[in-house]
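The values are calculated or read from the model by the stated rules, or taken from the named source; none is laboratory data. Values in this document were obtained by computation on a predicted structure and should not be read as measured data. With ideal geometry, Cβ positions are generated from the backbone for all residues, glycine too; neighbour counts draw on all protein chains shown. Heads up: the accessible areas ignore ligands, DNA and RNA and are worked out on the full protein's heavy atoms, side chains in. Shrake-Rupley method; radii C 1.70, N 1.55, O 1.52, S 1.80 Å.
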Amino acid sequence: MEELASSDVPNKLKKKESKMKKRVITPGALLKAVVRSGEGTKRPVEGDQIIFHYVTRTNQGVVVETSRSDFGGKGVPLRLVLGKSKMIAGWEEGITTMAKGEIAMLKVQPELHYGDPECPVPVPENFPVSDELLYEVELFNFCKAKIITEDLGVTKVVLEEGEGWETARPPYEVKLWITGRILGGSTFFTHKECDPIHVEFGKEQLPEGLEKAVGTMTRKEKSIIYISSSYCTNSSNAYKLNISPQAQELEFEVQLVQLIQVRDMFGDGGLIKRRLRDGLGEFPVDCPLQDSVLRVHYKAMLPDDGGRIFIDTRSNGGEPVEFASGEGVVPEGLEASLRLMLPGELALINSVSKYAYDKFQRPESVPEGASVQWEVELLEFESAKDWTGLNFQEIMAEADSIKTTGNRLFKEGKHELAKAKYEKVLRDFRHVNPGSDEEAKELQDTNNALQLNVAACYHKLHEYIKCIETCNKVLEGNPHHVKGLFRRGTAYMETGDFDEARADFKQLTRLSQLMQLLLYRSSSKKNGKLS
């Protein structure tokens with residue numbers, strides 16, 4: 001037998017800080033004999049998942065512990081993760097010297113198995129703790145594994161990387177190819193023909209552990225998922241995967257064929273967007289998140305009236321609809337969903353009435369309070385003009401155009417949309433550098449006007465604290481700003497802070513009296529009178 005010592009642990013394992021216990025193995029404490037050579041030169045290192053069978057014998061050949069069924073075990077290989085799983089020291093040290101497919105005999109002294117006072121593994125009943133033991137180990141496989149659950153009950157080994165970064169979560173849907181096997185044993189389920197399995201996340205249609213692991217997969221990824229029996233309990237709605245109640249360890253080969261994005265847009269169940277066809281680009285960076293000019297085709301239907309169509313832009317060879325987002329041109333629910341679509345994407349949007357036509361011009365054929373379903377295709381979009389390269393006056397002209405749109409929306413009672421327009425200009429103003437004192441004053445005056453427009457929106461939306469905070473931004477730079485004092489004073493009235501309101505209105509009165517005096521003096525001077 002070959003004697004194993006600490007130096008036999010691969011150098012690669014020692015280069016980085018190890019979570020595995022560093023041991024000094026005394027001479028003769030761990031010996032190894034190769035019964036059957038394995039494949040290649042790679043050896044397991046910390047973080048690798050190892051799958052192996054073992055038979056533990058005394059020096060007299062008596063089997064005292066085993067995973068193999070022909071020696072009285074359960075017939076299921078062990079699945080452990082080096083540096084993560086609790087295991088006897090003899091395995092942790094000896095298996096790191098083995099190749100895939102290798103069978104080795106490890107002769108282990110008590111201090112490296114259950115005789116170790118710090119052994120992390122519970123001692124089996126009536127176990128010869130003080131004896132030298134022989135461990136016959138067959139290492140089936142080892143590779144890097146992603147830990148899905150902290151207790152290592154669910155792990156994943158990626159065979160083929162997927163696309164993008166998006167993963168499934170409730171209420172997403174996925175389509176899968178699945179093959180299920182007993183670990184180291186027979187196949188009990190396979191679905192690789194006809195249509196893939198269609199799963200709605202969060203509805204217990206897969207065993208718990210399998211759904212957890214699939215929830216880490218990206219589109220078109222192919223992986224082997226390893227699951228302990230405690231994570232395989234099927235709910236009453238679970239797919240019939242023919243999992244035996246006696247199964248201890250399972251492995252599922254899974255390919256995520258399609259990731260169907262389903263989003264509860266406002267978190268209240270009132271607006272659900274379901275992607276029917278993937279678009280082009282990377283979500284969400286290639287979506288029209290900011291105000292843009294959109295070109296779309298869509299059908300609008302009444303699900304409670306047999307799916308009756310009341311708008312179809314494609315009927316009779318119709319042209320796509322083109323409109324600017326952020327201007328209240330289409331119902332809130334439709335626009336919010338479009339902002340999270342990719343060019344070429346087709347989506348089905350279900351909306352309750354408050355996100356459809358309650359706050360929008362309702363077509364005559366749509367009953368009051370009706371829920372609506374839109375089938376929408378985003379053909380393309382054009383982002384708002386970038387101010388880069390524009391001179392100061394061109395920038396101010398663009399800002400004035402956006403401000404004018406905001407004013408229109410405010411008058412129409414669309415205060416959230418109006419506020420978004422004003423705030424966009426304010427954000428863009430942070431990157432504008434005036435070239436003269438006159439330009440600086442113009443920029444500051446426009447900035448103040450926009451801030452007070454935002455404050456007016458907050459006032460209309462009954463968000464009076466935010467209204468006060470926004471007015472403060474103006475008054476910090478100009479404590480005598482008349483409109484700022486008036487708007488803040490009225491907001492203080494709404495919050496019941498009457499002393500603060502009184503102070504603002506007194507200041508307004510003093511400013512008004514001072515203004516009248518200045519006007520009187522100016523008028524007297526023009527008439528040749530001294531005051």
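Find all pairs meeting these conditions: Cβ atoms under 6 angstrom apart; at least six residues apart or on different chains; first residue within the range 243-269 and assigned to a loop (DSSP other than H, G, I, E, B); second residue at pLDDT 95 or above.
Once the first residue is assigned to a loop (DSSP other than H, G, I, E, B) and sits in the range 243-269, its partners that are at pLDDT 95 or above give GLN261/ARG275; MET265/LEU271; MET265/LYS273; MET265/ALA336.
Regarding THR96, is this residue among the hydroxyl-bearing types (Ser, Thr, Tyr), within 24 Å of ARG23 (Cα to Cα) and surrounded by 23 or more Cβ atoms within 10 Å (Cβ to Cβ)?
no
If we keep just the residues of the range 295-326 that are closer than 30 Å to ASP428 by Cβ and touching a Ser or Thr at 6+ places or on another chain (Cβ under 6 Å), which is least open to solvent (accessible area, probe 1.4 Å)?
The selected residue is SER325.
Residue by residue through the range 20-67, note down the ones that are open to solvent by less than 50 Å² (accessible area, probe 1.4 Å), touching a Gly at 6+ places or on another chain (Cβ under 7 Å) and farther than 18 Å from GLY90 by Cβ.
GLY38, GLY47
Take the residues in the range 406-447 that are outside any helix (DSSP H, G or I) and among the small types (Gly, Ala, Ser), then tell me which one is nearest to the chain's Cα centre (by Cα).
For the range 406-447, the residue satisfying everything is GLY413.
Provide a single number: the residues in the range 368-403 that are exposed (fewer than 14 other Cβ atoms within 10 Å of the Cβ) and in contact with a helix residue (DSSP H, G or I) (Cβ under 9 Å, 6 or more places away or on another chain).
Within the range 368-403, residues that are exposed (fewer than 14 other Cβ atoms within 10 Å of the Cβ) and in contact with a helix residue (DSSP H, G or I) (Cβ under 9 Å, 6 or more places away or on another chain) number 5.
What pairs come up if the first residue lies in the range 293-307 and is over 12 Å from LEU348 (Cβ atoms) and in contact (Cβ under 8 Å) with a residue 12 or more places away in the chain, the second is open to solvent by 30 Å² or more (accessible area, probe 1.4 Å) and basic (Lys, Arg), and their beta carbons are under 6 Å apart, counting only those six or more places apart or on different chains?
Matching pairs, first to second residue: HIS297/ARG314; LEU302/ARG308.
How about the range 74-87: which of its residues are out of contact with any Gly (no Cβ under 8 Å at 6 or more places or on another chain) and surrounded by 16 or more Cβ atoms within 10 Å (Cβ to Cβ)?
LEU78, ARG79, LEU80, SER85, MET87
Please state which one of GLN248, GLN255 is open to solvent by 30 Å² or more (accessible area, probe 1.4 Å), farther than 18 Å from PRO171 by Cβ and modelled with pLDDT of 95 or more.
None of the others qualify; the one that does is GLN255.
Which one of PHE381, PHE360 is in contact with a Lys or Arg (Cβ under 8 Å, 6 or more places away or on another chain), not in a helix (DSSP H, G or I) and not β-branched (Val, Ile, Thr)?
Only one candidate qualifies: PHE381.
Hey, does the range 335-347 have a residue that's touching a Lys or Arg at 6+ places or on another chain (Cβ under 8 Å), surrounded by fewer than 20 Cβ atoms within 10 Å (Cβ to Cβ) and of a type in the set (Gly, Ala, Ser)?
Yes, that holds for at least one residue.
Yes/no matrix, rows are residues, columns are (1) within 25 Å of CYS143 (Cα to Cα); (2) in a loop (DSSP other than H, G, I, E, B); (3) open to solvent by 40 Å² or more (accessible area, probe 1.4 Å):
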| site | (1), (2), (3) |
| --- | --- |
| LEU159 | yes, no, yes |
| THR179 | yes, no, no |
| LEU206 | no, yes, no |
| TYR226 | yes, no, no |
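Evaluate the following for GLY281: is it open to solvent by less than 30 Å² (accessible area, probe 1.4 Å) and either not in a loop (DSSP other than H, G, I, E, B) or not β-branched (Val, Ile, Thr) (or both)?
Spelling it out, it is not the case that GLY281 is open to solvent by less than 30 Å² (accessible area, probe 1.4 Å) and either not in a loop (DSSP other than H, G, I, E, B) or not β-branched (Val, Ile, Thr) (or both).
Output the number of residues of the range 132-156 satisfying the condition of being crowded, with 17+ Cβ neighbours inside 10 Å and either more than 23 Å from HIS53 (Cβ to Cβ) or β-branched (Val, Ile, Thr) (or both).
Looking only at that region, the number is 4.
Condition first: surrounded by fewer than 13 Cβ atoms within 10 Å (Cβ to Cβ) and assigned to a helix (DSSP H, G or I). Now tell me which residues in the range 490-515 satisfy that.
Answer for the range 490-515, where residues must be surrounded by fewer than 13 Cβ atoms within 10 Å (Cβ to Cβ) and assigned to a helix (DSSP H, G or I): PHE498, ASP499, LYS506, THR509, ARG510, SER512, GLN513, LEU514, MET515.
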